[in-house]
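In what follows, a structure is listed as structure tokens, so that the remarks can point back to it.
Readers should treat all values here as calculations from the given coordinates under stated rules, not as data from a laboratory. Just so it is clear, the structure is predicted and the values come from calculations on it, not from any experiment. Cβ placement follows ideal geometry from the backbone for every residue including glycine, while neighbour counts extend to all protein chains displayed.
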Amino acid sequence: MSGPLGCSGGCVSGCAVRNRLHLPTTAREMLAEQDADRLTMDALAERAGLGKGTVFRRFGTRAGIFQALLDDDERAFQEQVLSGPPPLGPGAAPLDRLIAYGRARIGFLIGHREIARAALDGSQPIPAGPETSLSRIHIRMLLGRIDLGAADLDVLAVQLTAALDGPLLLHLSASDLTETAHQTEERLSQGWQDLVQRVCRP
């Protein structure tokens, strides 16, 4: 007997793999069509043609759906940082890369603000993404390639990472701001550039 995705009893593992790919794709399609509030476990199961138990095993909770989407996009973002084109990726001067990283990170967080808020499970703060430590490591590496004299680069890296803190940026991009998300992103990005240029001034 075949299941919703054409799976027979002899291809359980193959079905599991297809479901793992099918569910996030379906969730993104639903988000493109409607608000995050309307994406529920039941709605996703119905749209994907799968049982609710399958969705539950894949994500655990409704918040888990959004966390999985955030994790996937975070990995893609980090890939751009590690091997994408300059100035975000390798090949540009360290100061240019530092500015580009902050601008890209701000854009990422504001662009994912609805998914990030929906990823809350009630026991954790607003997620900044699972790679916050990599942000600090990356910033520290770039600072080490800039002549900053006797500056404490470890502390400076922590402080600059805090300026890209997810909860702060997501709060600033909330509905209490009168600007559009694009305007907020541009102001914050320019602020990051001004900050970094002043910190790294010879």
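Pulled fully out, how much extra length does the chain show between SER83 and ILE137, if you take 0.36 nm times their separation in residues and subtract their Cα-Cα distance?
17.9 nm
Which order, highest average first, do 31-40, 188-197 follow once you tally other Cβ atoms within 10 Å for each residue and take the mean per peptide?
Descending packing order for the listed peptides: 188-197, 31-40.
Provide ARG97, ARG75, ARG47 in ascending order of the number of other Cβ atoms located within 10 Å of each residue's Cβ, fewest first.
Lowest to highest Cβ neighbour count: ARG75, ARG47, ARG97.
Which ordering of GLU114, GLU74 is given by a fewest-first count of other beta-carbon atoms within 10 Å?
GLU114, GLU74
How long is the gain from ARG145 to ASP96 if the chain were fully straight, where each residue apart is worth 0.36 nm and the alpha carbon distance is subtracted?
16.5 nm
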